[in-house]
Amino acid sequence: MKKKKKGININYVIFAIIVIAIIIYAIYSIVNLAVKPTDSFLVENGKISFEETTYGYIIRDETVIKGENYKNGISEIKAEGEKVAKSEAIYRYYTKGEEELLQKINNLDIKISEVMEKENDIYTADIRNLDTQIHKKIYEVNDVNDVQKIREYRNELNSIITRKAKIAGEKSPSGSYLKELIQERSKYENELNNGSEYINAVRSGVLSYRVDGLEQTLTTSSLATINKHMLEGLNLKTGQIVPTSNESGKIVDNFYCYIACILKNENIEAANVKVGSDLKIRLSNLKEITAKVEYISEEDNNESLVILKIDKYVEELINYRKISLDILWWSESGLKIPNEVIKYEDNGLAYIIRKRVGYTDNIYVKILKQSEKYSIIENYTYKELEEKGVSEEKIKNRKTISLYDELKT
């Protein structure tokens, strides 16, 4: 028994030594890598870009509409973000005392229904037809989620029920009382309709109730009047949603809008951007779109005001006046290598050292774009090297770089 136990202990000791050795080797490898990083890299396909994160002020072509009874509050006919046509009714202002009138109409509807329920012998073909329409509308409205459509169904139901009541009043033994109720209801309904101020769209576009008072300040008709001092004086918060107004609405051109940005001059010059240039921007929703440079003006502190025009995701920006975005001054894709593997001859010609099967070769490479850490490269052509002054012998024996080649630092 004692010998067996001693054998087991020896096995444990051997196993522990192996584990400790593995741990020591792993620690040594990590420390060695940190002290002396790898001296080789692989050529990969990749992308580099030159970006600038900034904020932008939204400038839209928008027309504010405000009626005389704006203090009464708005009852929406068309919903926020809905496309509307010129002269189409978009909302109305509540009638003075509207809540009281609606309550009176509701009470009369109850009384009219009670009278009609007591009359079982007046169901003419017209009334049966109207009952069918009522049941159909009630069935249809159950599958509708759109607020505007629900309002339309409600109005149609009210109209059908009123017609039914009028027919019943003509046929009912108690018709005089029913007529009296209907007449009283019509009176209140007329007061309600006549006291309402209906607002129509003055142009086609997208309806919005998000009115912030800057519609005439940040306007598309006078881009040249916009500057850094004026924009910063608005004291707007980035990403803040424009509050909904209960007094007015506006029609917005949903085909385009502008974004005014304050940008560093060195980045603009590096990207060689001019009025009329196209560049990529990335919105906060991570969508990349093309923007056209519409206007540039010099500001203080080595900055410029750049106004960009976009024609995508315009409706998504209606809720905002100031947003965060990325300017993608340029991007390039291709063979991607670290800058640290690039060497230069005295004449400024770039080359890299390739390792392959124990041999190394110096290969000239053309740098297409370069960021702080990486470069996108391609091989020189025979003619390009000749123009660079490379000897015919070197050109004849030249090697080219390929994907997954191993490069030495």
request  = Can you pull a Stokes-Einstein diffusion coefficient for the range 334-408 at 10 °C (1.306 mPa s), Rh from Kirkwood over Cα pairs, as a whole number of µm²/s?
outcome  = 124
note = Fraction of alpha-carbon pairs in the range 207-294 farther than 22 Å apart, rounded to whole percent, equals 41
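FRET efficiency for LEU102 and ALA224, Cβ-Cβ distance as r, R0 = 56 Å, nearest 0.05?
Working: r = 51 Å, r/R0 = 0.91.
For R0 = 56 Å, the calculated efficiency reads 0.65.
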Stokes-Einstein translational diffusion, the range 188-256 - Kirkwood Rh over all Cα pairs, 1.306 mPa s, 10 °C, in µm²/s = 105
note = Once both label points are put 7 Å beyond Cα along the C-beta direction, the ASP109-GLU247 separation in nm becomes 3.2
note = 1/(1 + (r/R0)^6) with r = Cβ-Cβ of LYS373 and ASP346, R0 = 22 Å, i.e. FRET efficiency to nearest 0.05, evaluates to 0.30
Separation of alpha-carbon centers, the range 256-316 and the range 39-67, rounded to whole Å = 8
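Fewest first, what order do VAL306, VAL252, VAL13, VAL242 take by the number of other Cβ atoms within 10 Å? List each step's numbers first, then the result.
On the way: VAL306 26, VAL252 23, VAL13 10, VAL242 19.
If I rank by nearby Cβ atoms, fewest first, I get VAL13, VAL242, VAL252, VAL306.
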ask   = Could you give the dipole magnitude of the range 256-313 about its Cα centre, charging the beta-carbon of Lys and Arg +1 and that of Asp and Glu -1, in debye to the nearest 20?
value = 420
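Counting only C-alpha contacts under 8 Å and six or more residues apart, can you give the relative contact order of the range 183-273 as a whole percent? Could you put the intermediate results ahead of the total?
Numbers: 45 pairs, mean separation 39.8, N = 91.
Relative contact order for the range 183-273 comes out at 44 percent.
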ask   = Measuring from label point to label point, each 7 Å out along Cα→Cβ, what is the SER402 to LYS66 span in nm?
value = 7.2
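In Å, what Kirkwood hydrodynamic radius results for the range 275-409 from the alpha-carbon pair distances? Walk me through the numbers before you get to the answer.
Numbers: mean 1/r = 0.0537 Å⁻¹.
For the range 275-409, inverting the mean 1/r across all distinct Cα pairs yields 18.6 Å.
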ask   = Across the range 47-102, how large is the tail of the calculated P(r) beyond 18 Å, expressed as a percent of all Cα pairs?
value = 58
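Taking neighbour Cβ counts within 10 Å as the exposure measure, how do LYS394, LYS312 sort from fewest upward? Spell out each step's value before the answer.
Values: LYS394 11, LYS312 14.
With the fewest neighbours first, LYS394, LYS312 line up as LYS394, LYS312.
Taking 18 Å as the cut-off for C-alpha to C-alpha distance, list the pairs among LYS47/LYS355; LYS111/LYS179; LYS292/LYS336 that go past it. All intermediate terms of the calculation are to be shown ahead of the outcome.
Values: LYS47/LYS355 24 Å; LYS111/LYS179 12 Å; LYS292/LYS336 29 Å.
Distance filter (> 18 Å) returns LYS47/LYS355; LYS292/LYS336.
No value in this document is a laboratory result; all are computed from the given coordinates. For clarity, every value in this text was computed on a predicted model and none was experimentally measured. So basically every Cβ, Gly included, is an ideal-geometry build from the backbone, and we count neighbours across all protein chains shown.
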